[in-house]
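The block underneath contains the structure these notes are about, expressed in structure tokens.
The values are calculated or read from the model by the stated rules, or taken from the named source; none is laboratory data. Being a predicted model, the structure only gives us computed values, none of them experimental. Glycine gets a Cβ as well: all are built from the backbone with ideal geometry, and neighbour counts include every protein chain shown. With ligands, DNA and RNA removed, areas are computed over all heavy atoms of the protein, side chains included. Shrake-Rupley method; radii C 1.70, N 1.55, O 1.52, S 1.80 Å.
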Amino acid sequence: MTIEQAKKLITQRLASTVYSDIRTGKTTVEVALGTIRTIKVTIIGEATLPGTYSLPSLASAYNALYACGGPNVNGSYRDIQVIRNNTVVAVIDVYKYLVERQQVQ
């Protein structure tokens with residue numbers, strides 16, 4: 001759950017209790033993350049420095065790619081796979097992302 005999703009859920013639940021002023025706007029809800037946990041990410045394949053890295057839980061696949069030094073000379077920015085529980089959950093084409101961002105600006 002994202003911070004915004006948590007805020008929305010907490011606001012809805014509190015508004016239906018004794019905190020009815022939330023509905024009128026007299027009272028607001030703010031949600032902040034106090035401690036960010038660390039997760040272990042394992043980089044395999046044609047990475048410059050494959051291995052296991054400790055990253056903040058808010059890190060993205062791009063942060064993990066940066067931590068391992070990116071693809072090695074045999075690797076590619078075109079087919080980065082994010083795997084969770086032995087299942088590919090996303091395929092990232094960093095080159096395409098950079099080209100599309102360049103066209104927007």
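A single member of 11, 27, 2 is more than 17 Å from residue 93 (Cα to Cα), under 21 Å from the mean Cα position of the chain (by Cα) and among the β-branched types (Val, Ile, Thr), and it is 2. Checked against the criterion of being farther than 30 Å from residue 12 by Cβ, assigned to a loop (DSSP other than H, G, I, E, B) and of a type in the set (A, V, I, L, M), segment 58-66 contains not a single residue that satisfies it. Residues in segment 67-92 that are part of a loop (DSSP other than H, G, I, E, B) and open to solvent by less than 70 Å² (accessible area, probe 1.4 Å): 68, 69, 70, 72, 75, 76.
Looking across segment 55-66 at every residue that is modelled with pLDDT of 95 or more and out of contact with any helix residue (DSSP H, G or I) (no Cβ under 9 Å at 6 or more places or on another chain), the one that is least open to solvent (accessible area, probe 1.4 Å) is identified as 64. The test for being surrounded by 12 or more Cβ atoms within 10 Å (Cβ to Cβ), in contact with a helix residue (DSSP H, G or I) (Cβ under 9 Å, 6 or more places away or on another chain) and among the hydroxyl-bearing types (Ser, Thr, Tyr) does not hold for residue 95.
Do you know which of the residues in segment 11-33 that are hydrophobic (A, V, I, L, M, F, W, C) and part of a helix (DSSP H, G or I) is nearest to residue 58 (Cα to Cα)? Here the answer is 14.
Restricting the search to segment 34-48, which residues are part of a loop (DSSP other than H, G, I, E, B), within 16 Å of residue 65 (Cα to Cα), open to solvent by less than 100 Å² (accessible area, probe 1.4 Å) and not small (Gly, Ala, Ser)? Listed by number, the residues that qualify are 46, 48. Mind checking whether some residue in segment 1-24 is without any contact (Cβ under 8 Å) to a residue 24 or more places away in the chain, open to solvent by 80 Å² or more (accessible area, probe 1.4 Å), out of contact with any His (no Cβ under 6 Å at 6 or more places or on another chain) and small (Gly, Ala, Ser)? Yes, segment 1-24 has at least one match.
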